[in-house]
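Read the structure below first, then the notes.
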Amino acid sequence: GIILTCASIYKFGGELAPRWGDRRLRRFAIQIVLAGGVAAAICGLISEHAWHSSRVGGWAISDALVIAWARQYPRATLQLYGLLTLSGRQLVGFTIGVTVLYAIATSPFVMAPELVACLGAAYYPRAWLAR
């Protein structure tokens, strides 16, 4: 998981940083991660199952960066593992869909940070990212 997280930060964060600037990218990442953390804490108070998650990783920030990149470059294409080619617009829906399916398969309480990160990145105001 850590390798995929690092690769995601390198690829998508590396392409967003020159476009947005380091301050905007950092602000975006902090806001998304904090929102996911608050959601995790609230879900942990509601359900004990959320605290017993055995996975630790950067899925939330990876999803947020993928969605932000896809929103910034809607006509760009990304090839996933040589099997699937998606445009930026399709990548947003695909990323949210995979996260929602995983949440259904495991637990929405456990996946709350990732779900919040996906929605936060998908609906993040464009005006806050414009240079």
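The values are calculated or read from the model by the stated rules, or taken from the named source; none is laboratory data. Quick caveat: nothing in here was measured; it's all calculated off a predicted structure. Please note: Cβ atoms are built from the backbone with ideal geometry, for glycine as well, and neighbour counts cover all protein chains shown. Each accessible area value is taken on the protein alone, full model and side chains, heavy atoms only, with ligands, DNA and RNA left out. Shrake-Rupley method; radii C 1.70, N 1.55, O 1.52, S 1.80 Å.
Quick notes on this structure:
- Report note on the peptides 12-18, 110-116: ranked by the mean count of other C-beta atoms within 10 Å, highest first, their order is 110-116, 12-18.
- Net charge of Cβ neighbours under 12 Å - reference LEU78; Lys, Arg +1; Asp, Glu -1: +2
- Apportionment of accessible area to carbon and sulfur, the chain, percent (1.4 Å): 67
- Area of TRP59 that stays accessible when all protein chains are in place (1.4 Å probe, Å², to 10): 70
- Per the Debye formula on identical point scatterers at the alpha carbon atoms of the chain, with no solvent, log10 I(q)/I(0) at q = 0.16, 0.18 Å⁻¹ is -0.79, -0.99.
- Counting every alpha-carbon pair across the range 78-131, the share separated by more than 12 Å comes to 70%.
- With contacts taken as Cα pairs under 8 Å and at least 6 residues apart, the chain reaches a relative contact order of 34 percent.
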